[in-house]
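J.: Structure in structure tokens, see below.
The values are calculated or read from the model by the stated rules, or taken from the named source; none is laboratory data. Since this is a predicted model, take the numbers as computed values, not measurements. All Cβ positions, even for glycine, are placed from backbone atoms using ideal geometry, and neighbour counts span all protein chains on display. Surface areas here come from the heavy atoms of the whole protein model, side chains and all, with no ligands, DNA or RNA. Shrake-Rupley method; radii C 1.70, N 1.55, O 1.52, S 1.80 Å.
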Amino acid sequence: MHRRSFLKGASLAVLTASGDSAQTPARDPRIAYGGIGIECSTYSRLRTRMDEFTILRGAEVTSNDRFQFLKRYPVAFLPTLVATAVPGGPIERKTYETIKAEFLQRLQALLPLDGLYLPMHGAMFVEDMQDAEADWYLAARKLVGPDCLLSASYDLHGNISQPIIDTLDMLSAFRTAPHIDREETMLRSTDMLLHCLRDKIRPALLWAPIPVLMPGERSSTEWEPGKRLWAQLPALNREPGILDVSMLVGYVWADEPRSTAAVVVTGTAPANQRRIATNLAQQYWDARAEFKFGTETCTVDECVQRAIDAKTQPAILADSGDNPTGGGNSDQATVLESLLRHQARNVVFAGITDRPATEACYKAGVGKRLPLSIGATLDPKASQPVKTEGVVKFLLAETNPARREAVVEIQGVMLVVSAYRRPYHDIQDFTRLGLDPKSFKIVVVKSGYLSPELAPIANPSLMALSDGAISQDIVHLPANQYRRPSYPFVADLNFTPKIYESARNRR
Ligand SMILES: [Zn+2]
């Protein structure tokens, strides 16, 4: 997919043209930025705690790679904090409150503010709380006051709600899945914010919820109908009075009333915004039965057998129900058990989160054989461990036991075990452990749709519909108490798009 590089030119043009404007402010606007980004499966028994968050504070945010794009603006963006974690279970309440309190404290120290940029994900779930992002924005709004403009950037899999729309002034979401437009999306968000501040524009925000809820694996923008639906957005964004057009899949593994697809349009032309949102919502609804997996899917055993039988290599088998980048536990050994039972050979499996097994490998040392129990260490109720033995092949040079990773060979399977939850979706995730994924017959990863680096080498690509905290068998997800009726959970819904405006539009 092409990068939307025109935006970069546009952002500079918008800013350097400021000398022509009759409304040029007398001083530079004061803009703060910061936020929290995580995706939480409410079906996970795990809790995301403080030690799983990476928190950048003050100058650490400014110097972080993710935020270098802000340096192209002739205005300083003032950092607060940015907290991120690998997707997982709900955030422990105390952890959330602690991070929020520090964010607010840092925000308070920067007052008064004209603008606040919020780099978010949109699918956060906090213990005993609904609509956690709205809680975050409301707290920020209370501090910065009603006149400060709030602009948020979102993942395509974020969830929207009326309180969110009522609190923000503008929103931009990714337009690609796999997500290859992260920086472009953040730029849309900050361009829009600066443009509005410079020209004293109070944008109108509106949205259209769509009662369709799909996993990302069926709604990628790499194939239809996602491809054509999202491809329209850049042109719509250039229409008169339109500042941003975003269409979100939503996050399916959250049992919340706000879990749904949505169109969100920011602009200064409400009639045009309404027309665009209505049209896109109707198109999304009309396409609902077209959303399909983009790769061959099968049960765990079938996928393992097909990978063994494949005449080409590497067969890449995605263990989708336990994918940590979607909120899966990443500690399940179901696929490993099947590989061993089928006597699969020449396999690399990256990886299973198992701190005790990782520690045992470090204790034994490279070249040593040891008895192992692999898997089910984080959630012993969700899956069964595999009892086996293996030979340690590689130990990552890492002094912190919580960040260690080891490679152990078990009957022809090179298994990566890690002390912490993490994905192995880039080639470098393998090569840093001395593994070349292309040299194996079978590569197993905990993933949904394959990453931009693994997809091109998969030959073939197989997605196992495995059990887990993000099972793809969505209509059979347990205990949905809060979710509103949506397709495919309810097959015979009627729908006519309805537009809901932000309460701030009436100010
Ligand atoms: Zn996403």
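J.: I'd like the full set of residues that are open to solvent by 10 Å² or more (accessible area, probe 1.4 Å) and within 15 Å of the ligand (Cβ to nearest atom), limited to the stretch 156-175.
T.: H157, F174, R175
J.: When only residues in the stretch 285-307 that are aromatic (F, W, Y) and within 13 Å of P488 (Cα to Cα) count, which is farthest from the chain's Cα centre (by Cα)?
T.: Among those residues, the one meeting the criterion is W285.
J.: While we're here: Quick one: V392 ticks every box in (1) under 29 Å from A455 (Cβ atoms); (2) touching a strand residue (DSSP E or B) at 6+ places or on another chain (Cβ under 7 Å) except a single one, so which number is it?
T.: (1)
Table: residues versus (1) at pLDDT below 95; (2) under 17 Å from V249 (Cα atoms); (3) within 22 Å of the chain's Cα centre (by Cα); (4) not hydroxyl-bearing (S, T, Y).
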position	(1), (2), (3), (4)
L143	no, no, no, yes
S151	no, no, yes, no
N159	no, yes, yes, yes
P163	no, no, yes, yes
L171	no, yes, yes, yes
I180	no, yes, yes, yes
E183	no, no, yes, yes
L194	no, no, no, yes
R202	no, no, no, yes
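J.: If you don't mind, another one. Could you list, in sequence order, the residues of the stretch 326-357 that are surrounded by fewer than 21 Cβ atoms within 10 Å (Cβ to Cβ), in contact with an Asp or Glu (Cβ under 9 Å, 6 or more places away or on another chain) and assigned to a loop (DSSP other than H, G, I, E, B)?
T.: Within the stretch 326-357, just H342 meets the criteria.
J.: Can you work out which of the residues in the stretch 26-41 that are within 16 Å of the ligand (Cβ to nearest atom) and open to solvent by 10 Å² or more (accessible area, probe 1.4 Å) is nearest to L110 (Cα to Cα)?
T.: G37
J.: While we're on this one: Given (1) outside any loop (DSSP other than H, G, I, E, B); (2) more than 14 Å from the ligand (Cβ to nearest atom), where does W230 come up short, assuming only one miss?
T.: Here W230 meets the rest and fails (2).
J.: Looking at (1) among the aliphatic types (A, V, I, L, M); (2) within 16 Å of the ligand (Cβ to nearest atom); (3) touching a helix residue (DSSP H, G or I) at 6+ places or on another chain (Cβ under 8 Å), can you tell me which one L194 breaks?
T.: Result: L194 passes all but (2).
J.: Residues that are more than 16 Å from the ligand (Cβ to nearest atom), under 21 Å from V416 (Cα atoms) and either surrounded by fewer than 23 Cβ atoms within 10 Å (Cβ to Cβ) or of a type in the set (K, R) (or both): does the stretch 256-274 have at least one?
T.: Checked the stretch 256-274: no residue is more than 16 Å from the ligand (Cβ to nearest atom), under 21 Å from V416 (Cα atoms) and either surrounded by fewer than 23 Cβ atoms within 10 Å (Cβ to Cβ) or of a type in the set (K, R) (or both).
J.: Please determine, by comparing only the residues of the stretch 60-100 that are open to solvent by less than 10 Å² (accessible area, probe 1.4 Å) and polar (S, T, N, Q), which one is farthest from the chain's Cα centre (by Cα).
T.: If we take residues in the stretch 60-100 being open to solvent by less than 10 Å² (accessible area, probe 1.4 Å) and polar (S, T, N, Q), then T80 is farthest from the chain's Cα centre (by Cα).
J.: Yes or no: E398 in contact (Cβ under 8 Å) with a residue 40 or more places away in the chain and of a type in the set (D, E)?
T.: So E398 does not fit the description; no.
J.: Does the stretch 134-155 hold any residues that are closer than 19 Å to L56 by Cα and within 16 Å of the ligand (Cβ to nearest atom), and which are they?
T.: Of everything in the stretch 134-155, those that are closer than 19 Å to L56 by Cα and within 16 Å of the ligand (Cβ to nearest atom) turn out to be A152, S153, Y154.
J.: Sticking with this one: In the stretch 407-466, how many are out of contact with any Ser or Thr (no Cβ under 8 Å at 6 or more places or on another chain), in a loop (DSSP other than H, G, I, E, B) and open to solvent by 50 Å² or more (accessible area, probe 1.4 Å)?
T.: Number satisfying all stated conditions: 5.
J.: Could you tell me which of the residues L236, L213, L229 is at pLDDT 95 or above and either in contact with a His (Cβ under 9 Å, 6 or more places away or on another chain) or under 30 Å from V444 (Cβ atoms) (or both)?
T.: L213
J.: Looking at (1) part of a helix (DSSP H, G or I); (2) open to solvent by 10 Å² or more (accessible area, probe 1.4 Å); (3) more than 29 Å from V263 (Cβ to Cβ), find the lone condition where T54 falls short.
T.: (1)
J.: (1) touching a Leu at 6+ places or on another chain (Cβ under 9 Å); (2) not in a helix (DSSP H, G or I): which one isn't true of V304, the others all being true?
T.: Of the numbered conditions (1) touching a Leu at 6+ places or on another chain (Cβ under 9 Å); (2) not in a helix (DSSP H, G or I), the odd one out for V304 is (2).
J.: Tell me, please, whether a residue that is out of contact with any helix residue (DSSP H, G or I) (no Cβ under 8 Å at 6 or more places or on another chain), over 19 Å from T190 (Cα atoms) and touching a residue at least 60 places away in the same chain (Cβ under 8 Å) can be found in the stretch 72-86.
T.: no
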